[in-house]
Amino acid sequence: MLATLIPLFDHTMTVCAYSIFAQKENFLLNPRLLGVGRYDGAAAIPGLDIVESMGLATISGDKEVFIEINNISLFSDISSQCDAPHDKLVLLVDGELPAEERYIERIAELRKDGYRFAMRKLPVSRFEEYRQVLSLMDYIFLNHKKIDITKAKLYFSRVYPNISLVAINVDSKEEYDILKEGGGYNLYEGEFFRMPVKKGKDEIAPLKVNYLELMSIVNDPDFDLGDAASVIERDPALVISLLEMVNRMTVNQGITSVKHAAAMLGQKELKKWINTAATKELCVDRPAEIMRLSMIRARFAEKLAPVFGRANLSSELFLMGLFSVLDVILEKPMGEALDLVKVSKEIRDALLEKDGPFAGVYDFMVQYENASWQEVSRQMVVYNIDMGDVYKAYVDCLTWYRDLFAAEKK
């Protein structure tokens, strides 16, 4: 199984839902599945299996989840495959769904059970043919590059007033800003929220300077615990977080100072904690999804380390993932951003040049989160990677991220 979550944003850059894109098999190893075996086991819905096994809270909190279904799985016993609240599941169909009576009746039946629906990959030329199907949709995904939103907004508001429009393939922040300004779309999906920064701000907010100084200290190959403790002491939030973490790890140790707490953790764990905690603080004024992406990439890269035969470098790969959107976090070009935190040459080469010993892990991670399953499958063959190991690593990331914030709320 391969699965990834792709966020959908509103006009305030708030994530309102996630799409689950999944693939059950490596088609390069079993090309039969692309032909006569295409619909083997098609009644099972991978997305529902993922929600059922992981829980809606782990995947999306209380947000809606869009799940792909096909012409066969539409008629399966959907409620038996997943116990999640029906109104949180949006069943995503596409233009291959026949606009025939039995399909229309089935969608109407599932809507009565509380499920919601979305349509994608439907050409404008077929809108009229699919009038009855569209009347049952809650969302429609539109490629904004192939449609005039002014006309689409007028058409849908008149014919389907209850349908929400989702702009897909939004590839840059400039595109997002233009679409948002023009109005018409309710949600946006694409890579715009993590595109590399080419030209950034001249100054960094004063509070962020402390975090960058701290990260610079601990990313030095042989940093001094006392220097790190001195910077931590300037920020009460970091002091509290550090003491809470150490207290969870130790019993009756009588922590007497920040330096004592830092010593209890040791260099390796302190470095990981500081980079994680500081990154979270740097993300405070950025869209929440940026922090989530940074954290999940960090954990995913760490978990992929043994898969790529680099188990002894898992800590470095964690930092590579964590800093992979540092340019977006700091609103500075990646080269300038990395200069502020003193990363290793291997991390720098991977993030700036897409080269070096970590580049393969970085590229695999990005292809996976984009649901580029053909390329992911190719790389699994090239590197002799087991699909189960990759899926297990990704599930661990989502669970770890959920638990990370659950612990903070206690």
(request) Could you please give the count of residues in segment 76-110 that are in contact with a helix residue (DSSP H, G or I) (Cβ under 7 Å, 6 or more places away or on another chain) and either more than 18 Å from residue 137 (Cβ to Cβ) or among the charged types (D, E, K, R) (or both)? (result) 6
(message) Is it the case, given these coordinates, that residue 367 is loosely packed, with under 15 Cβ neighbours inside 10 Å and assigned by TED's automatic domain parsing to the domain that holds residue 324?
(response) no
(request) Output the residues belonging to segment 150-186 that are crowded, with 18+ Cβ neighbours inside 10 Å, over 19 Å from residue 124 (Cβ atoms) and under 21 Å from the mean Cα position of the chain (by Cα). (result) 175, 176
(message) Among the numbered criteria (1) without any contact (Cβ under 8 Å) to a residue 40 or more places away in the chain; (2) part of a helix (DSSP H, G or I); (3) not aromatic (Phe, Trp, Tyr), which one does residue 329 miss?
(response) (1)
(message) Suppose we filter 197, 209, 251 for residues that are at pLDDT below 85, surrounded by 12 or more Cβ atoms within 10 Å (Cβ to Cβ) and in a loop (DSSP other than H, G, I, E, B); which single one remains?
(response) 197
(message) Just to check your reading of the model, which residue among 108, 84 is surrounded by fewer than 16 Cβ atoms within 10 Å (Cβ to Cβ) and among the aliphatic types (A, V, I, L, M)?
(response) 108
(request) Tell me, yes or no, whether segment 133-145 has at least one residue that is more than 30 Å from residue 78 (Cα to Cα), free of Cβ contacts under 8 Å to residues at least 12 places away in the same chain and not in a loop (DSSP other than H, G, I, E, B). (result) no
(request) Would you please name the residue that is farthest from residue 310 (Cα to Cα), looking only at residues in segment 374-397 that are surrounded by fewer than 20 Cβ atoms within 10 Å (Cβ to Cβ) and of a type in the set (Phe, Trp, Tyr)? (result) 391
(message) Quick check on my filter: what residues within segment 157-168 are under 21 Å from residue 64 (Cβ atoms) and out of contact with any helix residue (DSSP H, G or I) (no Cβ under 6 Å at 6 or more places or on another chain)?
(response) 161, 162, 164, 165, 166, 168
(message) I'd like the residue in segment 218-240 that is touching a residue at least 40 places away in the same chain (Cβ under 8 Å) and outside any loop (DSSP other than H, G, I, E, B) and, out of all such residues, is surrounded by the fewest Cβ atoms within 10 Å (Cβ to Cβ).
(response) 237
(message) Anything in segment 289-325 that is surrounded by fewer than 24 Cβ atoms within 10 Å (Cβ to Cβ) and of a type in the set (A, V, I, L, M)? List them, or say none.
(response) 290, 291, 293, 295, 296, 305, 307, 311, 313
(request) Spot the failing condition for residue 175; the list is (1) out of contact with any Gly (no Cβ under 6 Å at 6 or more places or on another chain); (2) in a loop (DSSP other than H, G, I, E, B), and only one is missed. (result) (2)
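Quick grid of which residues meet (1) of a type in the set (Gly, Ala, Ser); (2) part of a helix (DSSP H, G or I); (3) under 16 Å from residue 296 (Cα atoms); (4) touching a Cys at 6+ places or on another chain (Cβ under 9 Å):
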position	(1), (2), (3), (4)
348	no, yes, no, no
357	no, no, no, no
360	yes, yes, no, no
365	no, yes, yes, no
375	no, yes, no, no
378	no, yes, no, no
391	no, yes, yes, no
396	no, yes, yes, no
402	no, yes, yes, no
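The values are calculated or read from the model by the stated rules, or taken from the named source; none is laboratory data. For clarity, every value in this text was computed on a predicted model and none was experimentally measured. Every residue, glycine among them, receives a Cβ derived from its backbone with ideal geometry; neighbour counts consider all protein chains shown.
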